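Worksheet: the structure to be examined is printed underneath.
Computed from the coordinates by the stated procedures, all read-outs in this text should not be read as laboratory data. What you see is a predicted model; the values in this text were computed from it and never measured. Reconstructed Cβ throughout: ideal geometry from the backbone, glycine too, with neighbour counts over all protein chains shown.
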Amino acid sequence: MGDLGRIHQLIIPVMGHNITLNLEAIVMTWIVIALLILFGYYSSKNRGMRPGTAQIFGEMIVTKLYGLTEDALDKEKAKKYAPLITALFMFLLLCNWIGMFPHMHEPTKDLNTPLSLGIMGFFIAHYAGIRSKGIKKYLKEYCEPIFIMAPLNIIGEMSKIVSISFRLFGNIMGGSIIILVVSYLVYSLVLPPLLIAFFGIFVGAIQAFVFTMLTVVYISVQVK
């Protein structure tokens, strides 16, 4: 497929300003989405009492995440948000793992990807809060314990986007930098493959899980 790392950025002029698009991140994101669609198709294509490997893996992820979502919210709300949480986790997991393959790069290594997901989770959580509490009670909570605390409460909510996004971005980017530096030092011998396995599989899975669970917690805080 060629080295995606050599794909140049695309600059689009809009109203006198230049908008820079990272084509590498865009291409890798669409590859991840395509792989997830294929996985969903094959894991549900031949469902039966004797499931195949893809069906077992898919059902395991859905069951575990549905249970965690139900524990954080309730049974009724889990039906609404568990599909979103499951899709988010699988997307992040594959985004973090895909960098282990030659000429592939993690979309989460670009800050725009985790930041976009953080903003998405923020709006979903607050939309759920408004639906659950009503706009009056929702706005009233920003004025607690006294109304002059409203600006600080708003800043606190906005900081969640920065916290959840930069945590994911920092861990994935940091892992990539460590692998690159060590590879140059030891000429890509035994240690780099072990580092790739560690940061790719273990750290990638942990960070996907942490990001997903924080999104569930943010939704839970807003709806309760």
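Longer than 28 Å from Cα to Cα, which of K79/K109; K160/K224; K45/K160; K64/K160 are they? Say none if no pair is. Distance filter (> 28 Å) returns K79/K109; K45/K160. Dipole check for segment 115-214: with +1 at the C-beta of Lys and Arg, -1 at the C-beta of Asp and Glu, and the Cα centre as origin, the magnitude is about 380 Debye.
Evaluated on segment 19-59, the Kirkwood hydrodynamic radius is 11.8 Å, with distances taken between all distinct Cα atoms. The angle between the Cα long axis of helix 23-45 and the longest principal axis of the Cα atoms of the chain comes to about 80 degrees, rounded to the nearest 10.
Place +1 on the Cβ of every Lys and Arg and -1 on the Cβ of every Asp and Glu in the chain, take the dipole about the Cα centre, and give the residue among P151, I172, G99 whose Cα lies farthest towards its positive end. Highest projection toward the positive end goes to P151. To one decimal place, what Kirkwood hydrodynamic radius in Å is obtained for segment 29-94 from all pairs of distinct Cα atoms? Mean inverse Cα-Cα distance, inverted, gives 12.6 Å. Using 0.36 nm per residue and subtracting the Cα-Cα separation, the extra length available between I119 and E76 on full extension is 13.0 nm. With the convex hull of its Cα atoms as the shape, segment 134-224 has an orientation-averaged projected area of 7.4 nm².
Using Cα atoms only, what is the angle between the long axis of helix 150-186 and the major principal axis of the chain, expressed in degrees (0 to 90) to the nearest 10? For helix 150-186, the angle is close to 10 degrees. Couplings 3J(HN,Hα) of segment 119-135, computed from phi: 5, 4, x, 4, 5, 5, 4, 6, 5, 5, x, 5, 5, 7, 9, x, 4 Hz, in residue order, whole Hz [Karplus 6.51 cos²θ - 1.76 cosθ + 1.60, θ = phi - 60°; x for Gly and Pro]. Rounded to the nearest Hz, the phi-derived 3J(HN,Hα) couplings of segment 210-218 under the Karplus curve 6.51 cos²θ - 1.76 cosθ + 1.60 (θ = phi - 60°) are 4, 4, 5, 5, 5, 4, 4, 5, 4, where x marks glycine and proline. The dipole here belongs to the chain: it is taken about the Cα centre, uses +1 on the Cβ of Lys and Arg and -1 on the Cβ of Asp and Glu, and is about 700 debye. Note on the chain: dipole from Cβ charges, positive end direction compared against I135, T215, I33; the farthest Cα belongs to I135.
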